[in-house]
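These notes are about the structure you will find just below.
The values are calculated or read from the model by the stated rules, or taken from the named source; none is laboratory data. Note that the structure is a prediction, hence the values are computed from the model and not measured. Here Cβ is always computed from backbone atoms with ideal geometry, including for glycine, and neighbour counts include all displayed protein chains. Accessible surface areas use protein heavy atoms only, side chains included; no ligands, DNA or RNA. Shrake-Rupley method; radii C 1.70, N 1.55, O 1.52, S 1.80 Å.
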Amino acid sequence: KVEELLFRHETDIFLPATALWPLRPKPWPALVMFDDTGRWSALRQSGWLAAVSRFLDRETDWAPAVVSVDLRGWGDSRVAPTAYDLAGWSGSDRAPVYLAAGLDDGLLGQRVRDGVASIRWVMEQPGIDARRVVVAGRGLGAVVALMSATAVDGVAGVVYREGPVSIEAAVGADPMGWSLDIFQPNLLRHLDIPDL
């Protein structure tokens, strides 16, 4: 069963999500996915996440629930381009990143809070075996998946796809190959990806 959801998180934060619920006996294991290119990227046209859900395999006795979430600023909540985005020095990621950093609450940290809330929501759903929840991420979503999973007790594992080897290497690269979203005030004073 495919279900489009809208998680309410924090005061006025809404996170679009797509859930694939198995038509198999409960309890189900689950996979929670964060992808910086949008929640449908790994699902669309028999993508790897759709294959994990076994949505076409009616004969199997086992299938996980799959919940793919657009964290703030990704997928359906991506910032719309403006006239400034015509310039090579600009990008739609700049204004939200600068505003968030100016408030000392970087987007990466905000997305980790979104990720933690999403994982906890999935773990609390009827039919989910909370001891068998895996968190996956792609791109910067992989960083969020790893950080979020360390903040939630009982996560069974993490799938880290196409993410940076380290935050320090990513922000120090010339030219910068990642979105500015990777910047989080004071993060490297505390940890980097290899530490997790």
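Restricting ARG39, ARG72 to residues that are free of Cβ contacts under 8 Å to residues at least 40 places away in the same chain, of a type in the set (Lys, Arg) and either within 16 Å of ARG111 (Cβ to Cβ) or open to solvent by less than 20 Å² (accessible area, probe 1.4 Å) (or both) narrows the list to ARG39.
Listed by position, the strands (runs of 3 or more DSSP E) inside segment 1-42 whose residues that are out of contact with any Lys or Arg (no Cβ under 8 Å at 6 or more places or on another chain) and not hydrophobic (A, V, I, L, M, F, W, C) number at least 2 are 2-9. In segment 106-120, the count of residues that are modelled with pLDDT under 95 and of a type in the set (Gly, Ala, Ser) is one or more. TYR84 fulfils the conditions (1) modelled with pLDDT of 85 or more; (2) not in a loop (DSSP other than H, G, I, E, B) except for a single criterion, (1). May I ask you to say which residue of ASP114, ASP153 is charged (D, E, K, R) and free of Cβ contacts under 8 Å to residues at least 24 places away in the same chain? Of the residues listed, the single one that is charged (D, E, K, R) and free of Cβ contacts under 8 Å to residues at least 24 places away in the same chain is ASP153. For segment 165-185, filtering for residues that are under 20 Å from ALA149 (Cα atoms) and not hydroxyl-bearing (Ser, Thr, Tyr) leaves 6. Taking the stated definitions as given, is ALA101 in contact with a Pro (Cβ under 8 Å, 6 or more places away or on another chain), hydrophobic (A, V, I, L, M, F, W, C) and surrounded by 20 or more Cβ atoms within 10 Å (Cβ to Cβ)? The answer is no for ALA101. Within segment 43-69, the set of residues being part of a loop (DSSP other than H, G, I, E, B) and either among the charged types (D, E, K, R) or open to solvent by less than 30 Å² (accessible area, probe 1.4 Å) (or both) comprises LEU43, ARG44, GLY47, ARG54, ASP57, ARG58, GLU59, THR60, ASP61, ALA63, PRO64. For segment 24-36, the set of residues classified as free of Cβ contacts under 8 Å to residues at least 40 places away in the same chain and open to solvent by 90 Å² or more (accessible area, probe 1.4 Å) consists of PRO25 only. Residue-level check: of (1) assigned to a helix (DSSP H, G or I); (2) open to solvent by 40 Å² or more (accessible area, probe 1.4 Å); (3) within 21 Å of SER53 (Cα to Cα); (4) not aromatic (Phe, Trp, Tyr), PRO126 misses just (1).
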